[in-house]
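I have placed the structure first, in the form of structure tokens, so that the comments after it can refer back to it.
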Amino acid sequence: ASPIYVVPNTIHMAPLLTLPVPQPSPVFKVGMLSSNLPKKGLEDIEAVAKCLEGVINVQFRLYGPETPAINALMERVSKGLAPSSLVHAGYVEHPAQALAEVDVVVNLSRFQESFGRTVLEAMAAARPVVAYAWGALPELVVDGETGYLIPFDESSHLVDQSVEQAVETAVENMAENVAEKIAFLAQSPDVVEQFGKAGRERALTHFSADSLAAALQKAYQSWL
């Protein structure tokens, strides 16, 4: 019978709010900011890059620390076994450094994010987001307004070797859907600008420090 109050999480937005919206350029840059662990979707971003080979001039910039998984991916790139559009851009001290260099941000985590900090950072920086409709990310991204949400096939994160083919097919299908949205955005600078501005407005309206304080105050007042 007790009421439930939702208090939105927040981030330090100030350095991100001053970034200008992306401008058209010869190379469309897609960023992924993560810990560069397999569960963050490294296999997925590689599959997306394969889908777009020879389709659009795109670069996938992967920000984050060196890990065995990212090193293995870059080794495959150097040997021509993975798309050359995949670049490890290294670790940055503040997300604004990375977000200033990209047009769109993707989040392809294979687990249910409890918040999605990098997604909210992208929104505050006026960058559209393409992410899986999985975990908390649908609470942040409004499909068709601030970015795109791609249906998540739960079979894609199974570890049972007996269903390896099903997992591979699921990843391929999701990658094709992500690639389709990226290709559209790459050819639609007006939509990139529109989504970016809408994402920034949503970040400020629903996930700012003021929003958090107001939600907490409402909850505390009800108890008092």
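A few comments on the model shown:
- Spin-label zone in segment 1-37 - amide nitrogen under 11 Å from a point set 7 Å from the Cα of Ala219 along the C-beta vector: 4-9
- Long hydrophobic helices in the chain, taken as whole DSSP H segments with a C-alpha length of 30 Å or more on their own axis and mean Kyte-Doolittle hydropathy at least 0.0: 164-186.
- Whole-percent carbon and sulfur share, accessible surface of the chain, 1.4 Å: 53 percent
- Between segment 170-186 and segment 1-70, the Cα center-to-center distance that results, in Å: 14 Å
- Estimated 222 nm signal from helices in the chain, with DSSP H stretches of n ≥ 4 weighted -39500 (n - 2.57), rounded to 500: -13500 deg cm²/dmol
- The P(r) of the chain has a tail past 24 Å containing 44 percent of all C-alpha pairs.
- Solvent-accessible heavy-atom area per residue, rounded to whole Å², over the chain at 1.4 Å: 50 Å²
- Computed from the Cβ-Cβ distance with R0 of 45 Å, the FRET efficiency linking Leu212 to Phe184 stands at 0.85.
- Note on Ser114 and Ser84: the extension gain reaches 7.6 nm, defined as 0.36 nm multiplied by sequence separation minus the Cα-Cα distance.
The values are calculated or read from the model by the stated rules, or taken from the named source; none is laboratory data. Owing to the predicted nature of the structure, the values given are computational and were not obtained by experimental measurement. Quick reminder, even Gly has a Cβ in these numbers, built from the backbone with ideal geometry, and neighbours come from all protein chains shown. Ligands, DNA and RNA are stripped out before the accessible areas are found, and what is left, the full protein with its side chains, is counted by its heavy atoms. Shrake-Rupley method; radii C 1.70, N 1.55, O 1.52, S 1.80 Å.
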